[in-house]
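*Asks:* Handing you a structure now.
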Amino acid sequence: MKVFRLSPAELDDMVQQWSTNRRVYRPAAGRQQPAQAGCAPGWERAGGGAPLTMAAGPCKASVKTFLFPQPETMQTYGLKSSDPDRALLKEPEKPTEKQIIVGLRPCDARSVQLNNLPYREDPYYQANLARTVMVGFTCGSMCATCFCDQMGGSPMATEGLDIAVSQLDDSFVAEVLTPAGEELTAGLGLTPADDNVIRALAERRKDCPQPDSARLDTLKGRDLNKLYEAPLWKALGESCINCGACTFICPTCYCFDVQDEVVRGQGRRIRYWDSCMFPLYSLHTTGHNPRGQKMQRTRNRFMHKLKYFPDRFGPFSCVGCGRCVQDCPVNIDIREVMADLLTVE
C-alpha cells in the first residue's frame, strides 16, 4: 500500500487532473442545487477549477445512485409493425467508461459491499461496480446522527475504497488501497508520506470509535422472531406515515420495480427504485396484500435490516450513516428501535 501526503492545493489539482479525461463526481456543494444534466441528484461533475469541499458527515445522496441508477434501462424493443426489432427484447450495451466517485464516506463505501451480496449475480450492478473507482474521505468526527460504530463500521474505515483520504492538521493523507487506486495516482508526482505521518494516521485510527462487536453480537443473538408481535411495532406503525423517504435515501435499500414505457417512439423496460413502505409494493394481483397495514410495512423494514438480511448474508443491512434519522419527518430513529429490541421481553 502506498501512502502520500497532499496539501489542499495538491488534492484539488489531483482531482482536476482526473477530470480532464474521466468522469469524476463529487457531492454537490448545496443541498438545494438543481441536478446537473447527466449527473445523479445530489452529485455534481468535478472539474472547472472549483475547489473540493467536504461537509461533515455523509452527503445527502448515497453512492448507490451510481451503481443502481434511477431509472435503469434493462431492455429496449420496437413498437411499429414495420420495425424489424418489434417483439424483440434487446439489451443495451452496458457502460464501460470509468467513473470516479470522490468524497463518499466510509459508511457509503461499506454499503457498496453490502449491496454486492444480493446483487453479486446481477449483471447491471456488476457492470457499474466494475467501472467505478471510489475515492473516500474518512471522518475526523461523527455527526449527532451517525452511528457507524454501532453497525460494524468506523469513521476511519477504508473497506471498499480504492483510495482513502484523511485530513491531518492542515494537510491530507491519501492511502492507495487497490490497483485501481494505483492507476489513478501513477505519474502524478505525489510526495510519499514519511514515517511520522504514517504513525500519526495510525494513532488517529486507533483513537477513533471502533465497531461495538459486543452490542452487535447481542443484537444478533436476540430471537427477533419472538418479538414479531411485540407492542413496539404497533407504536412505530402509528407514527410512520409510510412516505418511503428512509428507503430512498438509505444506501443499503435496493428494492426495485420493473415497468415498460414508451420514450420517443421506442419501448423500453426499466427498473426503478421501489420501497417496501408503499402499500402497492406487496400487493398481489389477486388483490391480497400480506402487508396491507402500516404497522406491517414498518415492521418489515426493520426486520429486513436486522433479521432477514443477516440471516441470509451475515452482516446487518445498515451502515449507520444516519440519513434516515436525519430526514424522517416523524422522527423515527433506528437506534431507538434497536435499543428497544435489546430490552423488550
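The values are calculated or read from the model by the stated rules, or taken from the named source; none is laboratory data. On a predicted model such as this, the values are computed, not experimentally measured, just so you know. Cβ atoms come from the backbone with ideal geometry, glycine included; neighbour counts cover every protein chain shown. Side chains are part of the model used for accessible areas, which takes the heavy atoms of the whole protein and leaves out ligands, DNA and RNA. Shrake-Rupley method; radii C 1.70, N 1.55, O 1.52, S 1.80 Å.
*Asks:* Go through (1) basic (Lys, Arg); (2) open to solvent by less than 90 Å² (accessible area, probe 1.4 Å); (3) modelled with pLDDT of 90 or more one by one and return the number of the condition LYS2 breaks.
*Replies:* (2)
*Asks:* Restricting attention to region 17-25, does a residue exist that is touching a Phe, Trp or Tyr at 6+ places or on another chain (Cβ under 8 Å), at negative phi and modelled with pLDDT under 85?
*Replies:* No, region 17-25 has no match at all.
*Asks:* Still on this model: Among what's in region 237-252 and is assigned to a helix (DSSP H, G or I) and farther than 30 Å from THR138 by Cβ, pick the residue that is most open to solvent (accessible area, probe 1.4 Å).
*Replies:* Once the filter is applied, the top-ranked residue is GLU238.
*Asks:* Now a separate question. Being open to solvent by 40 Å² or more (accessible area, probe 1.4 Å), under 30 Å from ILE270 (Cβ atoms), outside any loop (DSSP other than H, G, I, E, B) and not hydrophobic (A, V, I, L, M, F, W, C) narrows it down to one of ASP217, ASP257, so name that one.
*Replies:* ASP257
*Asks:* Might you let me know whether region 281-300 holds any residue that is at pLDDT below 95, open to solvent by 20 Å² or more (accessible area, probe 1.4 Å) and of a type in the set (Phe, Trp, Tyr)?
*Replies:* Yes.
*Asks:* Related question: Do any residues in region 8-33 that are farther than 15 Å from GLN99 by Cβ and open to solvent by 60 Å² or more (accessible area, probe 1.4 Å) have Cβ atoms under 6 Å from those of residues that are basic (Lys, Arg) and at pLDDT below 90, where the two are at least six apart or on different chains, and which pairs are they?
*Replies:* Short answer, once both residue conditions are applied: ARG31/LYS60.
*Asks:* While we're on this one: Enumerate the helices (runs of 4 or more DSSP H) found wholly within region 95-203, keeping only those where 3 or more residues are open to solvent by less than 10 Å² (accessible area, probe 1.4 Å).
*Replies:* 106-115
*Asks:* Please determine whether any residue of region 64-82 is assigned to a loop (DSSP other than H, G, I, E, B), hydroxyl-bearing (Ser, Thr, Tyr) and at pLDDT 80 or above.
*Replies:* Within region 64-82 (the criterion being assigned to a loop (DSSP other than H, G, I, E, B), hydroxyl-bearing (Ser, Thr, Tyr) and at pLDDT 80 or above), the answer is no, since none of the residues qualifies.
*Asks:* Another one. GLY267 versus (1) over 26 Å from GLU72 (Cα atoms); (2) open to solvent by less than 60 Å² (accessible area, probe 1.4 Å); (3) over 18 Å from the mean Cα position of the chain (by Cα); (4) of a type outside the set (Val, Ile, Thr): which is the lone unmet condition?
*Replies:* (1)
*Asks:* Given the conditions (1) buried (at least 18 other Cβ atoms within 10 Å of the Cβ); (2) in contact with a helix residue (DSSP H, G or I) (Cβ under 7 Å, 6 or more places away or on another chain); (3) more than 19 Å from ARG110 (Cα to Cα), report the number of the one that VAL319 does not fulfil.
*Replies:* Looking at each condition in turn, VAL319 falls short on (3).
*Asks:* For region 289-316, which residues satisfy the criterion of being of a type in the set (D, E, K, R) and out of contact with any helix residue (DSSP H, G or I) (no Cβ under 8 Å at 6 or more places or on another chain)?
*Replies:* ASP311, ARG312
*Asks:* Here's a follow-up. Working carefully through the options LYS234, LYS226, find the one that is in contact with a helix residue (DSSP H, G or I) (Cβ under 6 Å, 6 or more places away or on another chain), open to solvent by 30 Å² or more (accessible area, probe 1.4 Å) and either under 18 Å from PRO71 (Cβ atoms) or not in a strand (DSSP E or B) (or both).
*Replies:* From the options LYS234, LYS226, the qualifying one is LYS234.
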